[in-house]
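The values are calculated or read from the model by the stated rules, or taken from the named source; none is laboratory data. Everything numeric in this text was worked out from a predicted model, so none of it was measured. With ideal geometry, Cβ positions are generated from the backbone for all residues, glycine too; neighbour counts draw on all protein chains shown. In case anyone asks, the SASA skips ligands and DNA or RNA and just uses the protein heavy atoms, side chains included. Shrake-Rupley method; radii C 1.70, N 1.55, O 1.52, S 1.80 Å.
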2 protein chains.
Amino acid sequence: MERILIIEDEAPMRTALADLLTAEGYRTLTAADGESGLKRALAEKPDLILLDVMMPKLDGFAVCSELRRLAHEVPVMLLTAKGQIEDRVHGLDVGADDYVIKPFSSEELLARVRALLRRVERKARALTQLKLGEIEIDLARQIATRGRQPVHLTAKEFAMLRLLAEAAGEPVSRERFLDVVWGYGAFPTTRTVDNHIASLRAKLESDPDSPRWIKTVHGVGYKLEP
Amino acid sequence: MERILIIEDEAPMRTALADLLTAEGYRTLTAADGESGLKRALAEKPDLILLDVMMPKLDGFAVCSELRRLAHEVPVMLLTAKGQIEDRVHGLDVGADDYVIKPFSSEELLARVRALLRRVERKARALTQLKLGEIEIDLARQIATRGRQPVHLTAKEFAMLRLLAEAAGEPVSRERFLDVVWGYGAFPTTRTVDNHIASLRAKLESDPDSPRWIKTVHGVGYKLEP
DNA sequence: ACCAATTTTACAAAACCATGACAACTAAAC
DNA sequence: GTTTAGTTGTCATGGTTTTGTAAAATTGGT
């Protein structure tokens, strides 16, 4: 079942939410402040995050935009207090997927959670399957096959393919590859990106010298031809 | 000021919305059912549409998806009744840009309207889409296609096209090309501009010798024929 | 220590761009 | 209508930047 991370500083609310969701069959994780919540989100990659807006130090907005900056796709639902109307707009600007207003009923929260999970699940499933000519790629399972024969791709190669596929035909810069695939801490040369592209082409293209799928965009990076 | 079309079957709500928005300085148009609302939307091309979901005959969802089918980019905000929680998700699926839940406060509605208008305005100002005959150009994504076939343009060519397009049919001087596309530091020959124009014509015009789109304005520069 | 994956390095190849020469063209004066 | 001065089209060329990729070096796990 899906795992839901609850980031909420008030203990009673936190446990109430956890109990409610657990009773529904979800697995719950909790964090009592923004910072540890953020850390947990990155480490555990939950399927959904319930995020209280009003928290000391790192508030919900900050956590949310930080999550987005780290290119995480995890759906975020904000918990806002009544009267913070402007927060809603702000919240959606900051990259949240939905919000509920306290006080809310159990039914409403559950309905929203279900709806949001369904929404992102559909989106996610759409992007797991990828077909480049006779090669089929399952990004979720990290499996690629040509006919019956398995084609071996490394983790980095799958990650790069996913980014290319998500860009849907748009060029992806080398910097973006490094940010998303490698993360913000590491700084390999941009040359490294080229090497991985080369090996992807060697594995996926029937004629790697004039690639059909992975095109280079001079001065920018690469794109996946749809 | 922006024009807002209100499609709402209940008269009190309709006039209340119109009054509120008019007081804020927006120009309002109204329609009392889905069908006439759709017609009005197509004829008047408002800047935003407030659309009640619950209406007899053609309901909000139907209007919305019909609008999208007719390739309209106009932002749509749905008005949904409380308890129709599922509607929210469905509404966004159907192509709406936002929604509010009845009952809502004036402040909330106005905040949303402002936010949505701001959002689409920013997107529109970017001037990304361009169509020259059978060639479609997305300046933001740096993608150009003729039918399904990609048309390869270089970075300079995209930059020059953007300038031409932003000038909206007005001639653009060579000096301005150099200033904007090359920047104020670099000073290539004005001849260079011609070369890039030539390659743009070679790629975009069906008969580059008598160009349909990129006209030269003798003694001045070039312009994009709208 | 071994092996696979990853990163760096280095050099060759390709793409892109600027230039200048000259032909073709335009506009206006004659 | 011709002439002429100025403007634009286009080509070949060479320089610069960017990319391809093989091979060597490094990393990390078992």
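Considering only helices (runs of 4 or more DSSP H) fully contained in region A:135-204, which possess at least 2 residues that are within 11 Å of DNA strand C (Cβ to nearest atom)?
On the way: elements: A:155-166, A:174-177, A:190-204.
Where helices (runs of 4 or more DSSP H) fall fully within region A:135-204 and carry at least 2 residues being within 11 Å of DNA strand C (Cβ to nearest atom), they are A:155-166, A:190-204.
Got a number for residues in region B:176-197 being of a type outside the set (Asp, Glu) and within 14 Å of residue B:164 (Cα to Cα)?
At the first step, the residues of region B:176-197 found to be of a type outside the set (Asp, Glu) are B:176-178, B:180-193, B:195-197.
Subset that is within 14 Å of residue B:164 (Cα to Cα): B:176-178, B:180-181, B:193, B:196-197.
Going through region B:176-197 one residue at a time, the tally reaches 8.
For region A:215-226, which residues satisfy the criterion of being within 12 Å of DNA strand D (Cβ to nearest atom) and within 23 Å of the chain's Cα centre (by Cα)? So that I can check it myself, show each step before the final result.
Taking region A:215-226 and keeping what is within 12 Å of DNA strand D (Cβ to nearest atom), we get A:215-223.
Selection gives A:221, A:222, A:223.
Does residue A:18 satisfy the criteria of being in contact with a helix residue (DSSP H, G or I) (Cβ under 8 Å, 6 or more places away or on another chain) and of a type outside the set (Phe, Trp, Tyr)? Please lay out each step first, then the result.
On the way: in contact with a helix residue (DSSP H, G or I) (Cβ under 8 Å, 6 or more places away or on another chain): no; of a type outside the set (Phe, Trp, Tyr): yes.
Considered against the rule, which asks whether it is in contact with a helix residue (DSSP H, G or I) (Cβ under 8 Å, 6 or more places away or on another chain) and of a type outside the set (Phe, Trp, Tyr), residue A:18 comes out as no.
Regarding region B:27-35, can at least one residue be identified that is in a helix (DSSP H, G or I) and open to solvent by less than 10 Å² (accessible area, probe 1.4 Å)?
Here is the first cut: in region B:27-35, the residues in a helix (DSSP H, G or I) are B:34-35.
From the residues that got through so far, the ones that are open to solvent by less than 10 Å² (accessible area, probe 1.4 Å) too are B:34.
Yes, region B:27-35 contains a residue that is in a helix (DSSP H, G or I) and open to solvent by less than 10 Å² (accessible area, probe 1.4 Å).
Restricting to region A:102-119, what's the tally of residues that are under 13 Å from residue A:24 (Cα atoms) and touching a residue at least 60 places away in the same chain (Cβ under 8 Å)?
4
Restricting to region A:2-23, count the residues that are farther than 19 Å from residue A:61 by Cβ, touching a residue at least 24 places away in the same chain (Cβ under 8 Å) and either in a helix (DSSP H, G or I) or over 24 Å from the mean Cα position of the chain (by Cα) (or both).
3
Do we find that residue B:139 is open to solvent by less than 50 Å² (accessible area, probe 1.4 Å), in contact with a helix residue (DSSP H, G or I) (Cβ under 9 Å, 6 or more places away or on another chain) and modelled with pLDDT of 85 or more in this structure? Spell out how you get there, then give the answer.
Details: open to solvent by less than 50 Å² (accessible area, probe 1.4 Å): yes; in contact with a helix residue (DSSP H, G or I) (Cβ under 9 Å, 6 or more places away or on another chain): yes; modelled with pLDDT of 85 or more: no.
So residue B:139 does not fit the description; no.
Within region A:134-189, track down each residue that is of a type in the set (Asp, Glu) and farther than 24 Å from residue B:150 by Cβ. Let's see the steps before the verdict.
As a first pass, look at region A:134-189 and keep what is of a type in the set (Asp, Glu): A:134, A:136, A:138, A:157, A:166, A:170, A:175, A:179.
Once the filter is applied, which keeps residues that are of a type in the set (Asp, Glu) and farther than 24 Å from residue B:150 by Cβ, region A:134-189 yields A:138, A:179.
On the given criteria, is residue A:204 open to solvent by less than 50 Å² (accessible area, probe 1.4 Å) and more than 11 Å from DNA strand D (Cβ to nearest atom)?
Details: open to solvent by less than 50 Å² (accessible area, probe 1.4 Å): yes; more than 11 Å from DNA strand D (Cβ to nearest atom): yes.
Yes.
Being touching a residue at least 60 places away in the same chain (Cβ under 8 Å) and surrounded by 16 or more Cβ atoms within 10 Å (Cβ to Cβ) is the filter here, so list the residues in region A:180-201 that pass it.
Answer for region A:180-201, where residues must be touching a residue at least 60 places away in the same chain (Cβ under 8 Å) and surrounded by 16 or more Cβ atoms within 10 Å (Cβ to Cβ): just A:180.
Only one residue in A:157, A:134, A:170, A:166 is open to solvent by less than 20 Å² (accessible area, probe 1.4 Å) and of a type in the set (D, E, K, R). Which one?
Working: A:134 fails: open to solvent by less than 20 Å² (accessible area, probe 1.4 Å); A:170 fails: open to solvent by less than 20 Å² (accessible area, probe 1.4 Å); A:166 fails: open to solvent by less than 20 Å² (accessible area, probe 1.4 Å).
Of A:157, A:134, A:170, A:166, the one residue that is open to solvent by less than 20 Å² (accessible area, probe 1.4 Å) and of a type in the set (D, E, K, R) is A:157.
Can you tell me which residue among A:186, A:144, A:202, A:159 is on the phi < 0 side of the Ramachandran plot, modelled with pLDDT of 90 or more and more than 14 Å from chain B (Cβ to nearest Cβ)? Full working, then the answer.
Numbers: A:186 fails: modelled with pLDDT of 90 or more; A:144 fails: modelled with pLDDT of 90 or more; A:159 fails: modelled with pLDDT of 90 or more.
Answer to the check: A:202.
Quick check on region A:169-178. Is at least one of its residues without any contact (Cβ under 8 Å) to a residue 24 or more places away in the chain and more than 22 Å from residue A:67 (Cβ to Cβ)?
No: zero hits.
Sort through A:51, A:58 and tell me the only one that's assigned to a loop (DSSP other than H, G, I, E, B) and either out of contact with any His (no Cβ under 8 Å at 6 or more places or on another chain) or open to solvent by 10 Å² or more (accessible area, probe 1.4 Å) (or both). First the steps, then the outcome.
On the way: A:51 fails: assigned to a loop (DSSP other than H, G, I, E, B).
Among A:51, A:58, only A:58 is assigned to a loop (DSSP other than H, G, I, E, B) and either out of contact with any His (no Cβ under 8 Å at 6 or more places or on another chain) or open to solvent by 10 Å² or more (accessible area, probe 1.4 Å) (or both).
For the subset of region A:208-222 comprising residues that are within 13 Å of DNA strand C (Cβ to nearest atom), part of a loop (DSSP other than H, G, I, E, B) and open to solvent by 50 Å² or more (accessible area, probe 1.4 Å), which member is farthest from the other protein chains (Cβ to nearest Cβ)?
So, considering only residues that are within 13 Å of DNA strand C (Cβ to nearest atom), part of a loop (DSSP other than H, G, I, E, B) and open to solvent by 50 Å² or more (accessible area, probe 1.4 Å), the one farthest from the other protein chains (Cβ to nearest Cβ) is A:208.
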